[in-house]
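Rule-based calculations on the coordinates, nothing more; no lab input. Because the structure is predicted, anything quoted here is derived from the model rather than measured. All Cβ positions, even for glycine, are placed from backbone atoms using ideal geometry, and neighbour counts span all protein chains on display.
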Amino acid sequence: MVGVVPSLPMAHTRENDLQRFDFSAHRMCEQRYFEDFQLNERFILPSRTMTDAMFAAFQLASGDNHPIHYDLEYCRRLGMPQMLAHGFQVLIQTASGAGLFPHMVEESLKAFIEQSSRFLHPVFAGDTLYSALEVVELVPGRTTGVLTMQSSVVNQAGVLVLDGQQKYLLRKRAA
């Protein structure tokens, strides 16, 4: 084999690893499209205890400086057992990103298009919240569909403290 030059192995570099890495295979769960969802399908979100640190972080992020959300003595003078959680602090417990849903729709999600909520009972520092999303409506279009989920937050006493809806625009599978 005169004139044949043996091939040398490719030098190992980060760029070579990235060229070979299959990003589409690095998923937490199988991809789903609009037609893959069913009514009454539930997505449980992790429980969270509303700590003083969470109250401080929310106050910092929101800029809400009313003492009802950070001054324990002010709250006690008003007859409350603890600091009162801001409504949006409760609402964010329904963020679908805390669960598997957004990982399921990485390829099909076009938009988070709407959200509504009702604040039914107070939430105080120290309360533990249990959130869930449930598919309640599927409205198909030609190439997309709107998936509506009922959002709910229940406290450690089993009291529904928030309910609402979230709507997502999802692609249908290609024909």
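Observations
- Within the stretch 100-175, the percentage of alpha carbon pairs spaced more than 17 angstrom apart rounds to 52%.
- Theoretical gain in end-to-end length, Leu72 to Ala57 [0.36 nm per residue, Cα-Cα removed]: 3.8 nm
- Cβ crowding within 10 Å, taken as a proxy for footprinting-reagent exposure, orders His66, His26, His121 from fewest neighbours to most as His26, His66, His121.
- Taken along the Cα-to-beta-carbon direction at a fixed 7 Å, the label points for Leu39 and Ala174 span 3.2 nm.
- Once the Cβ-Cβ distance of Phe88 and Glu30 is raised to the sixth power relative to R0 = 35 Å, the FRET efficiency obtained is 0.60.
- Average projection area in nm² (convex hull over Cα atoms of the stretch 60-156, one quarter of hull surface): 7.8
- Comparing Arg76, Arg32, Arg118 in a Gaussian network model of the chain (Cα springs below 10 Å), the most mobile by mean-square fluctuation is Arg76.
- Taking Tyr33, Tyr74, Tyr130 in turn, the Gaussian network model of the chain (Cα-Cα springs below 10 Å) assigns the largest fluctuation to Tyr74.
- Scalar couplings 3J(HN,Hα) for the stretch 126-143, obtained by applying the Karplus form with A = 6.51, B = -1.76, C = 1.60 to θ = phi - 60°, are x, 5, 9, 10, 10, 10, 8, 10, 9, 5, 10, 7, 10, 10, x, x, 5, 10 Hz; x denotes Gly and Pro.
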